[in-house]
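S.K.: Pasting a structure below so you can have a look.
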Amino acid sequence: MRYWLLKSDPDTFSWQDLVASPRRTTRWDGVRNYQARNSLRDDVAVGDGVLFYHSQADRAVVGTATVTRAAYPDPTQFDRKSPQHDPGSDPGDPRWVAVDIRAEREFAHPVPLDQLRKTPGLAKMTLLQKGSRLSVQPVTSGEWEIICRLGGVATK
DNA sequence: GCCAACGTTGGC
DNA sequence: GCCAACGTTGGC
């Protein structure tokens, strides 16, 4: 099993939105970056652990989630009314994929970006590299344990 | 709100 | 195939 960090702008879709979703589960769609797409399509598997990160004003890891469905075509790419519509994607060979995730543990203490930067053992995190904008990032098991501990939840 | 960094587009 | 221009992301 692997671990991932998923970025979300809380003004668009927040942790609270995820928790309020039916079965605490949502479709993680709208990824429109090829590198992130490749991770979703090729490497993200059911049962993988997810660190849920708020970008923008919040900038903190706020909880954990579990992947409950592996990659499938992102329906929003074919929805002309969606801001995520991609007129260049061929329905016979969809360009973008989605996965499903379910909220697991809410952090008692959200872990802000500043704290991540200060924490020994996290310096190599993709999130902390200059210019890193990937919305789907791999996380090592060591990083996962450190961050869950900081967040106040036990690791499995 | 600003702007640096990044990915994508399109002219050549 | 190069690269300038553009739009977007996201930290500050």
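The values are calculated or read from the model by the stated rules, or taken from the named source; none is laboratory data. Computed from a predicted structure; not experimentally measured. Here Cβ is always computed from backbone atoms with ideal geometry, including for glycine, and neighbour counts include all displayed protein chains.
S.K.: In this structure, does A:Gly92 turn out to be within 30 Å of A:Ala108 (Cα to Cα) and more than 13 Å from DNA strand C (Cβ to nearest atom)?
M.R.: Criteria not met by A:Gly92.
S.K.: Let me ask you something else. Looking at region A:1-24, which of the residues that are more than 15 Å from DNA strand C (Cβ to nearest atom) and within 14 Å of A:Ala70 (Cβ to Cβ) is modelled with the lowest pLDDT?
M.R.: That would be A:Met1.
S.K.: Within region A:124-148, track down each residue that is surrounded by 20 or more Cβ atoms within 10 Å (Cβ to Cβ), of a type in the set (Val, Ile, Thr) and under 23 Å from A:Asp29 (Cα atoms).
M.R.: Listed by number, the residues that qualify are A:Val136, A:Val139.
S.K.: Okay, next question. Inside region A:25-55, can you point out the residues that are within 13 Å of DNA strand C (Cβ to nearest atom) and small (Gly, Ala, Ser)?
M.R.: Once the filter is applied, which keeps residues that are within 13 Å of DNA strand C (Cβ to nearest atom) and small (Gly, Ala, Ser), region A:25-55 yields A:Gly30, A:Ala36, A:Ser55.
S.K.: In this structure, is A:Arg95 more than 22 Å from A:Ser14 (Cβ to Cβ), within 16 Å of DNA strand B (Cβ to nearest atom), touching an Asp or Glu at 6+ places or on another chain (Cβ under 9 Å) and modelled with pLDDT under 95?
M.R.: For A:Arg95, the condition - more than 22 Å from A:Ser14 (Cβ to Cβ), within 16 Å of DNA strand B (Cβ to nearest atom), touching an Asp or Glu at 6+ places or on another chain (Cβ under 9 Å) and modelled with pLDDT under 95 - is met.
S.K.: So the check is Cβ under 6 Å with 6+ separation or different chains; which pairs have a first residue in region A:46-68 that's within 10 Å of A:Trp4 (Cα to Cα) and among the hydrophobic types (A, V, I, L, M, F, W, C) and a second one that's more than 13 Å from DNA strand C (Cβ to nearest atom) and part of a loop (DSSP other than H, G, I, E, B)?
M.R.: A:Val67/A:Val44; A:Val67/A:Val46; A:Val67/A:Asp48
S.K.: Shifting gears a bit: Select, from A:Ser89, A:Ser135, the only residue that is in contact with a helix residue (DSSP H, G or I) (Cβ under 6 Å, 6 or more places away or on another chain) and either free of Cβ contacts under 8 Å to residues at least 12 places away in the same chain or closer than 18 Å to A:Pro10 by Cα (or both).
M.R.: Every option except A:Ser135 fails the conditions.
S.K.: Six or more apart or on different chains, Cβ atoms under 9 Å: show the pairs whose first residue is in region A:94-109 and over 15 Å from A:Arg24 (Cβ atoms) and free of Cβ contacts under 8 Å to residues at least 12 places away in the same chain and whose second is among the charged types (D, E, K, R) and not in a strand (DSSP E or B).
M.R.: Partner pairs satisfying both residue conditions: none exist.
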